Structure formats: structure tokens, C-alpha cells
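Notes follow the structure.
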Amino acid sequence: MDMTLTPSRGLYLYINTLRTAMDDNIVTDNEASILKVLATALGIHPSDTAYCLSIVSGEEKDPFADDSSDYSGHHIGDVTTYQSALIAALDDEVISEDEWEMLNHLRDLIGLQEDQHALIEEAIRAMADVDENGSRRLERLERFNIVCPFC
């Protein structure tokens, strides 16, 4: 591949979350679902995701290697992005340990606060009555909170 990606905050978050997904050198279908949601929410073009995988696997140069910009911390839209990723994880039949790690890492990267996480949970609970997956999503949310409480 001979292409480069322009460093951006969305790309930074996506690549770093992808690194977490690749810790075991396997991206499961469930992890792929979350990554797809994240790519859309972060403005990563579908054709760039394979290149991102090449960066994470060390085959391509990391666009952030020589970039001194600070892409971490909390920005507008982060809560919605995290909520989308959490819902994608909850809509699977099982939330795997790898998915928990990805969500925790994303939460750390964006600096999501406990009160923001609480608001996201409240929104998910409010949607439960009008969403056909709502009750199952709430059951998995309860399990997620037990196994992976807000740190």
C-alpha cells in the first residue's frame, strides 16, 4: 500500500482502539462490529480501515509517530461516539472481555467522566421501552456494569 492518512483526532482514537482489539492478534466479529460503528462515528472512511490495520500491525508507518499534536482528552461528540460503541457491544449476544477492554480504552482515551457514563446509561434505559432490543440490552448493560464498573 502506498497511501498515507492525514492525522486527525478520529484517526487517533480509531487506531488506538484498534490496537486494543489487536492485542490478541485477532479481531472477533463482535470487536469488528464495534470498530465499524467507531469508524463511522469518527469519520474513518471504510476504505481506510484496512490501512489502519496495517499501521497497527507495523506494516505501515504510524501517522502519529512524528506528530506532536495532542489528540487525547475530551472533545465535543465524544459522549455520542462512546454511546454508539457501547450500544454496539450491548447488541451482541455476549460482551466479551476483549470488547470490555476496547470500551475501557476508548473511555480512557476520550476522558469520559463518570457522570457522562451515567447519562449514557440513563439514555439506554430510556430507549429500552421503545427499542425491540431494549430489554436484552439492559440485561447486558447490568452485566457490563458488574464486570466492568466505571473506573
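Taking the chain as a Gaussian network of alpha-carbon nodes connected by springs under 10 Å, the highest mean-square fluctuation of the residues ALA128, ALA39, ALA21 belongs to ALA128.
Between LEU42, LEU119, LEU13, the residue with the greatest mean-square fluctuation in the GNM of the chain (Cα pairs under 10 Å linked by springs) is LEU119. Springs join every pair of Cα atoms under 10 Å in this Gaussian network model of the chain, and among ALA89, ALA65, ALA118 the largest mean-square fluctuation is at ALA65. Only helices enter the 222 nm calculation for the chain: every DSSP H run of n ≥ 4 contributes -39,500 (n - 2.57), and dividing by all residues gives -19000 deg cm²/dmol, rounded to 500.
Where a number appears in this text, it was derived from the coordinates with a stated rule and is not lab data. Every value quoted in this text rests on a predicted model; they were computed, and no experiment measured them.
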